[in-house]
Amino acid sequence: MFSTLCHVSIAVPDLQAAIDILARRYGLVAGEIRENPQQQVRMTYIELANAKIELMAPTGPASPIAAFLARNPRGGIHHFSLGTDDVVATAAALHGDGVQVLGDPSTQRNVHGEPIAFLHPRDFLGALVEIEPAAGTKLHG
């Protein structure tokens with residue numbers, strides 16, 4: 001069902017400040033800053049050999065990330081993402097097995113336009129999990 005760890009996402013109150021800290025302290029280089037209007041976030045990825053670190057900040061008060069930062073003002077790990085060959089089929093199979101799937105992968109998209117969905121934390125040991133296409137897979141949905 002899942003084949004890769006795609007990224008770990010960290011919500012931050014100030015995207016540029018987070019980029020600067022990670023570059024200065026750890027030598028980590030962030031890519032292009034992009035905006036996902038559907039998810040109401042500005043974000044960037046730090047590419048590592050085996051996965052990515054995603055930094056994201058809200059674009060407005062209605063963003064789910066704004067709500068997360070209201071509870072965690074300094075930021076923190078928001079979710080991690082697992083890759084699958086077919087997001088729509090995986091979400092449907094998990095839903096059929098009683099997992100609460102958040103969002104509809106036939107309409108919900110990441111910043112790259114790929115289908116995504118989230119698994120409710122109560123169904124994955126207390127962690128919010130995003131499911132997205134594994135690198136190199138054909139997109140469905």
**OP:** Give the ranking of PHE124, PHE68 by solvent-accessible surface, highest area first, calculated with a 1.4 Å probe.
**Re:** PHE124, PHE68
**OP:** With a Förster radius of 22 Å, plug the Cβ-Cβ distance of ASP85 and LEU48 into 1/(1 + (r/R0)^6) and report the FRET value to the nearest 0.05.
**Re:** 0.50
Subject >> Listed residues ARG42, ARG71, ARG109, most fluctuating in the chain (Gaussian network, C-alpha, under 10 Å) >> reply: ARG71
**OP:** Answer rounded, prolate or oblate for the chain, using the Cα gyration tensor with square roots of eigenvalues a ≥ b ≥ c: rounded when a/c is under 1.5, else prolate when a/b is larger than b/c, else oblate.
**Re:** prolate
Original post:
Cα gyration tensor of segment 1-76, axes a ≥ b ≥ c as square roots of the eigenvalues: rounded (a/c below 1.5), prolate (a/b > b/c) or oblate?
Top reply: oblate
Original post:
Roughly how many Å² of ARG34 are accessible to a 1.4 Å probe, to the nearest 10?
Top reply: 90 Å²
**OP:** Could you calculate the contour length gain from ALA17 to GLU114, that is, 0.36 nm times the residue separation minus the distance between their Cα atoms, to one decimal place in nm?
**Re:** 32.1 nm
**OP:** Please identify the helices of the chain, taking whole runs of DSSP H, that span at least 15 Å along their own axis as judged from the Cα atoms and have a mean Kyte-Doolittle score of 0.0 or higher.
**Re:** 15-26
**OP:** Report the residue, chosen from PRO58, PRO13, PRO73, that carries the largest GNM mean-square fluctuation when the chain is represented by alpha-carbon nodes joined by springs under 10 Å.
**Re:** PRO73
Original post:
Hey, with R₀ at 22 Å, roughly what FRET efficiency would PHE2 and ARG122 work out to, going by the Cβ-Cβ distance, to 0.05?
Top reply: 0.75
Original post:
Which of these, ASN110, ASN50, ASN36, has the largest mean-square fluctuation under a Gaussian network model of the chain (Cα springs below 10 Å)?
Top reply: ASN50
Subject >> Portion, in percent, of the accessible area of segment 33-102 that falls on carbon or sulfur, probe 1.4 Å >> reply: 55 percent
Original post:
At each listed q (0.18 Å⁻¹), what is the log10 of I(q)/I(0) that the Debye formula gives for segment 66-141 modelled as equal alpha-carbon point scatterers?
Top reply: -0.73
Original post:
How much accessible surface does THR44 have with a 1.4 Å probe, in Å² rounded to 10?
Top reply: 0 Å²
Original post:
Between GLN108 and residues 5 or more places away or on another chain, which pairs have amide H atoms under 5 Å apart, with H built 1.01 Å from N, and which residues are they?
Top reply: ILE116
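The values are calculated or read from the model by the stated rules, or taken from the named source; none is laboratory data. Since we're looking at a predicted model, the values are computed, not measured. Please note: Cβ atoms are built from the backbone with ideal geometry, for glycine as well, and neighbour counts cover all protein chains shown. Accessible surface areas use protein heavy atoms only, side chains included; no ligands, DNA or RNA. Shrake-Rupley method; radii C 1.70, N 1.55, O 1.52, S 1.80 Å.
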